[in-house]
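Just below is one structure, and these are the notes that go with it.
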Amino acid sequence: MTFELIIGKSNYKSNFKKKIYLDKQILNFNNEIEKNDNINHNDILVLDKRVEIQSLCNDLYEKIILDLAKKLNHLHGVNFSDNFWKITLGPWLSNFIAISFNRYHKIKKAIENKDISSVLLFENVEEFIPLNNFELNKLCNDNNWNAIFYSHVINFLKPELKEKINKIEINRKKKRLSLKNLVKKYIFSILTLFFKKKDPIITSTYLPFFENLKLFFYLKQIPIIWFAPILERDKINLKNRKLLLLNQTEKNFENFLKNLIPFSIPICHIELFKEMNEKLRLLKLPENPKFIYTTNNYEYDEYFKLYVALKKENKTKYIIGQHGNISWIEDIFFENQHSADHYLYWGKDGFGKNENGFNFKLKRKFQNKSKGYLLILDSPFGTNNKIFNRIDENFEKEESLKILLTNLEKNIKENIIFKLHSSFDLREKNYIEKLKKICPKIKIETSNQKTSKLVQNSKCVLHLYDS
């Protein structure tokens, strides 16, 4: 018996009685119940395999970023260094390669291992292209966007399948300035009046508020509150994007990437590039800063990255501090992909020259309470932007949590606080109900403001992810 492969919302009449859903997310998206043979089960990559694949993706990154740098310089009539494009475009490219690897091999495996003869494809060129790297991370959890991506893979591989094509829309929320950001913009515009040409740019340090102020006072400068203009979508210029086509040979993952990249690069690097340069000039930031330092803006703040890249062309020093607990498998090539001059890490020799680093975020030391409770900090729902099936791991983690709770002694079960991550509303609606069936007296907490106090009053803290 042959199957119809379902890669998105299947709301049309089909002659196929047997359907197989590409993964559990798509099954849930179609409000279907999981049966023995109606879902394609994907492997969760073991450690050694993840390291091997991450190395492969890094090699592709190094190869493709250099080709794109030449083509983008030609397209925009500029002559920036490879490092300029690594800082501005690099975070998106490394992100996109991981996302592409996952989806390409998921489709390839499904086609090779299952007896599939039909598929419903989806398309929308303009809707597929993200505004920036931040929007890409939002889109990779969007089932409609993923359906278009899977369709690109199938069109590239060209298996012998009966196809039906459906055009779909992706709903994007238009970003507006909140009251908080309006105040921030106003303060920023006032502070720029006092900037000196060589003032360092220091932003999103993760230092506690007063420690951050002390740093500015030590440097004898006005504190900087970074504010970047909001990016607005522009009309896609397919003619310009075709100029970015990269050389291709055989049908493999590398050439799939090269085929898709010109029609996936964020709008901010193509259609909005000149406008962003002009708006950045009007911000009146220091012309020749001594250095630029951040622990957060290097990945998603497009104006910040553009400013850094332009200043580094003039030899300004660029420093990145550790953002959080680094998962070394994904960040093994972190330094290559962000081109900073120095990296400040929390651990041993974190500040170089045998000086240890420290956790910028913690404001106090914690001691366990001998009569405290067991605090369990839930993992985030996750962003499906890894080489492995990140969202599938939620189902694995949920099963592990059930086993743990089931095997705890009764007196511990009655003294548990379960702190949900802020993304818990993305989980299945009965997530908490399932846990309460095992531990009826478990207390649920949602407020992020209470986390430090919860830790302080606990006897033991269990983190369900690399927290």
Item to check | Answer from 285, 215, 246, 260 - the residue that is more than 21 Å from residue 306 (Cβ to Cβ), in contact with a strand residue (DSSP E or B) (Cβ under 8 Å, 6 or more places away or on another chain) and open to solvent by less than 70 Å² (accessible area, probe 1.4 Å) | outcome: 215
Checklist outcome for this item: Residue hits (region 209-236; assigned to a loop (DSSP other than H, G, I, E, B) and of a type in the set (A, V, I, L, M)) are 219, 222, 224, 225, 228, 230, 231, 236
Item to check | Selected residue (criterion: modelled with the lowest pLDDT) from residues of region 1-13 that are closer than 15 Å to residue 122 by Cβ and open to solvent by 30 Å² or more (accessible area, probe 1.4 Å) | outcome: 12
Item to check | Single condition residue 21 does not satisfy, out of (1) open to solvent by 40 Å² or more (accessible area, probe 1.4 Å); (2) aromatic (Phe, Trp, Tyr); (3) free of Cβ contacts under 8 Å to residues at least 60 places away in the same chain | outcome: (1)
Item to check | Condition met for residue 225 (within 22 Å of the chain's Cα centre (by Cα), free of Cβ contacts under 8 Å to residues at least 60 places away in the same chain and surrounded by fewer than 19 Cβ atoms within 10 Å (Cβ to Cβ)) | outcome: no
Item to check | Residue under evaluation residue 440, criteria (1) exposed (fewer than 14 other Cβ atoms within 10 Å of the Cβ); (2) closer than 22 Å to residue 394 by Cβ; (3) at pLDDT 90 or above, criterion not met | outcome: (2)
Next on the checklist: Given (1) over 29 Å from residue 296 (Cα atoms); (2) touching a Ser or Thr at 6+ places or on another chain (Cβ under 8 Å); (3) hydrophobic (A, V, I, L, M, F, W, C), identify the lone condition not met by residue 125.
Outcome noted: (2)
Item to check | Residue in region 74-93 that is under 28 Å from residue 305 (Cα atoms), free of Cβ contacts under 8 Å to residues at least 24 places away in the same chain, under 27 Å from the mean Cα position of the chain (by Cα) and open to solvent by 10 Å² or more (accessible area, probe 1.4 Å) present | outcome: yes
Item to check | Identity of the residue in region 319-345, modelled with pLDDT under 85 and among the hydrophobic types (A, V, I, L, M, F, W, C), that ends up surrounded by the fewest Cβ atoms within 10 Å (Cβ to Cβ) | outcome: 328
Checklist entry - Going by the conditions given, is residue 299 within 21 Å of residue 93 (Cα to Cα), open to solvent by 10 Å² or more (accessible area, probe 1.4 Å) and touching a Ser or Thr at 6+ places or on another chain (Cβ under 7 Å)? => result no
Checklist entry - Got a sec? Which of 450, 353, 386 is among the basic types (Lys, Arg) and in contact (Cβ under 8 Å) with a residue 40 or more places away in the chain? => result 386
Checklist entry - Could you list, in sequence order, the residues of region 259-310 that are small (Gly, Ala, Ser) and over 30 Å from residue 358 (Cβ atoms)? => result 264
Next on the checklist: Out of everything in region 313-323 that is charged (D, E, K, R) and assigned to a loop (DSSP other than H, G, I, E, B), what residue ends up being nearest to residue 341 (Cα to Cα)?
Outcome noted: 315
Checklist entry - Can you tell me which of 398, 409 is within 22 Å of residue 50 (Cβ to Cβ) and either open to solvent by 50 Å² or more (accessible area, probe 1.4 Å) or without any contact (Cβ under 8 Å) to a residue 40 or more places away in the chain (or both)? => result 398
Item to check | Some residue of region 302-312 being touching a residue at least 60 places away in the same chain (Cβ under 8 Å) and in a loop (DSSP other than H, G, I, E, B) | outcome: no
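Here's the yes/no breakdown for (1) charged (D, E, K, R); (2) touching a Cys at 6+ places or on another chain (Cβ under 9 Å); (3) in a strand (DSSP E or B):
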residue: 164; (1), (2), (3): yes, no, yes
residue: 172; (1), (2), (3): yes, no, no
residue: 181; (1), (2), (3): no, no, no
residue: 189; (1), (2), (3): no, no, no
residue: 193; (1), (2), (3): no, no, no
residue: 196; (1), (2), (3): yes, no, no
residue: 199; (1), (2), (3): yes, no, no
residue: 207; (1), (2), (3): no, no, no
Item to check | Answer from 458, 422, 447 - the residue that is at pLDDT below 95, small (Gly, Ala, Ser) and open to solvent by 50 Å² or more (accessible area, probe 1.4 Å) | outcome: 422
Checklist entry - On the given criteria, is residue 109 over 24 Å from the mean Cα position of the chain (by Cα) and either part of a loop (DSSP other than H, G, I, E, B) or among the charged types (D, E, K, R) (or both)? => result yes
Checklist entry - Out of curiosity, is residue 141 on the phi < 0 side of the Ramachandran plot and open to solvent by 10 Å² or more (accessible area, probe 1.4 Å)? => result yes
Next on the checklist: Checking the condition farther than 24 Å from residue 63 by Cα, surrounded by 21 or more Cβ atoms within 10 Å (Cβ to Cβ) and in contact (Cβ under 8 Å) with a residue 12 or more places away in the chain, which residue from 292, 265 passes?
Outcome noted: 292
Next on the checklist: Here is a list: 178, 189, 204. Which entry is more than 29 Å from the chain's Cα centre (by Cα) and of a type in the set (Gly, Ala, Ser)?
Outcome noted: 189
Item to check | Any chance residue 428 is acidic (Asp, Glu) and closer than 23 Å to residue 373 by Cβ | outcome: no
Next on the checklist: If residue 271 satisfies all but one of (1) open to solvent by less than 40 Å² (accessible area, probe 1.4 Å); (2) in contact with a Phe, Trp or Tyr (Cβ under 9 Å, 6 or more places away or on another chain); (3) part of a loop (DSSP other than H, G, I, E, B), what's the number of the condition it fails?
Outcome noted: (2)
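The values are calculated or read from the model by the stated rules, or taken from the named source; none is laboratory data. These figures come from a predicted structure and were not determined experimentally. Glycine gets a Cβ as well: all are built from the backbone with ideal geometry, and neighbour counts include every protein chain shown. The accessibility values were calculated without ligands, DNA or RNA, using every heavy atom of the protein model including side chains. Shrake-Rupley method; radii C 1.70, N 1.55, O 1.52, S 1.80 Å.
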